[in-house]
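Down below is the structure, laid out as structure tokens.
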Amino acid sequence: MSQLLSPMGPKNDIVGHIFDIQAYSVHDGPGCRTLVFLRGCPLRCEWCANPEGLEIRNRNLYRVTKCINRKYGCERCIEACPHQAITVCPDGEIPLNIDWSKCQKCTTLECTKVCLVEAMIPCGRDITVAELMRILNRDRHFWAGNGGVTFSGGEPMVQKEFLLAALKACQEVYIHTAIETSGHLPTETYLEVMKHVDFAFNDVKHMDPVKHKAKTGVSNELILKNIAALANSNWPGRLVLRSPVIEDFNDTEENMLAIADFMHKIGLTEFNLLPFHRLGDSKWKQCGMEYPYSFYEATPPEIMEKLQKILLGQGINCYIGSETPF
Ligand code: SF4
Ligand code: SF4
């Protein structure tokens, strides 16, 4: 066992619910990083790129293009499901009809255990802090000088106990820690977690609380309060605010000026504008959900540059896409 592993203890037995771990990320904090995606999110952004991580429970995904029901008459998942949630759909594009309301209450995911072609797959797994640390200590050999771990989601702070234990274990063995957060958590939780974070991206999706609520399900008041509290604390880390650019929602001069005004008041200087993309489209289908943004185009470069110019004009260091300097 590596000497860099944290000492074993009760905190290392804490279980987290994750839906992915990705190595070799170079856009989610300094250097080369390992991304850990935690399940569960208090927001419901209509453009979400990771809808499979919205709920904290492990779930099933149905990948239509891999399903061989039509080709070979396979009905293995139908037979395995104890809740009769799946039926054959002889007409239409999709071979199986799934009653997702039944799947929502299912804990055993029997259907995913019998599919031979990974058309019905489990999404999410449980992991202990000790297991995660073994993965990170393995990956650290590929990070080079300034890499580390980035916790993303979902909203990683939803699993506060696991996240705090993992962050502390990372700090014990000198692993650089980063987080991608919505900031929509009780202020106490937010500030406590941030004490163990070296770098943070915090989303500010709209400055108007009513518009924010209309598209994300929650007001921005708590988010702005938390960001201000962090900025006014003695936190030694680096905070970059950011937002996806969503057409007909937050892509206005008025919103950019309000962001700049907010940042000036609390002494923050860095903002990252992310172009909208439709990469989440297929995942919404796999979750059995309709994607409200399936007909929206990727944000044109000229819109990105126009919004960037507004923020730059207000003295904010504004970066587009993956251009945030680390
Ligand atoms: S997740 Fe559960 S309820 Fe849904 S199809 Fe699979 S076994 Fe049936
Ligand atoms: S078991 Fe897999 S391949 Fe067979 S019908 Fe179900 S999803 Fe399709």
* To do: Hey, can you tell me all the residues within region 129-176 that are open to solvent by 10 Å² or more (accessible area, probe 1.4 Å) and among the aromatic types (Phe, Trp, Tyr)?
  => Phe142, Trp143, Tyr174
* Asked: Based on what the data block shows, is Met120 within 23 Å of the chain's Cα centre (by Cα), open to solvent by less than 40 Å² (accessible area, probe 1.4 Å) and within 16 Å of ligand 2 (Cβ to nearest atom)?
  -> yes
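Please return the ranges of strands (runs of 3 or more DSSP E) entirely within region 1-98 where 2 or more residues are assigned by TED's automatic domain parsing to the domain that holds Gly217, modelled with pLDDT of 95 or more and within 13 Å of the chain's Cα centre (by Cα).
Working: elements: 15-25, 33-38, 59-62, 86-88, 96-98.
Where strands (runs of 3 or more DSSP E) fall fully within region 1-98 and carry at least 2 residues being assigned by TED's automatic domain parsing to the domain that holds Gly217, modelled with pLDDT of 95 or more and within 13 Å of the chain's Cα centre (by Cα), they are 15-25, 33-38.
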* To do: Kindly indicate whether any position in region 85-96 is crowded, with 17+ Cβ neighbours inside 10 Å and farther than 23 Å from Gly280 by Cα.
  => yes
* To do: Just give me the residues in region 73-84 being open to solvent by 90 Å² or more (accessible area, probe 1.4 Å) and either more than 8 Å from ligand 2 (Cβ to nearest atom) or among the polar types (S, T, N, Q) (or both), in sequence order.
  => Glu79, Gln84
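Within region 99-130, count every residue that is outside any loop (DSSP other than H, G, I, E, B) and hydroxyl-bearing (Ser, Thr, Tyr).
3
Go through the residues of region 230-250 one by one and say whether even a single one is assigned to a helix (DSSP H, G or I) and modelled with pLDDT of 95 or more.
Scanning region 230-250, I find at least one residue that is assigned to a helix (DSSP H, G or I) and modelled with pLDDT of 95 or more, so the answer is yes.
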* To do: Looking only at region 44-72, count how many residues are open to solvent by 30 Å² or more (accessible area, probe 1.4 Å) and either of a type in the set (Val, Ile, Thr) or more than 16 Å from ligand 1 (Cβ to nearest atom) (or both).
  => 11
* Any chance you could count how many residues in region 270-326 are part of a loop (DSSP other than H, G, I, E, B), surrounded by 13 or more Cβ atoms within 10 Å (Cβ to Cβ) and among the aromatic types (Phe, Trp, Tyr)? => 5
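The values are calculated or read from the model by the stated rules, or taken from the named source; none is laboratory data. The model shown is predicted, which means the values in this text are computed figures rather than measured ones. For neighbour counting, all protein chains shown are included, and Cβ atoms are generated from backbone atoms with ideal geometry for every residue, glycine included. Side chains included, ligands, DNA and RNA excluded: accessible areas come from the protein's heavy atoms. Shrake-Rupley method; radii C 1.70, N 1.55, O 1.52, S 1.80 Å.
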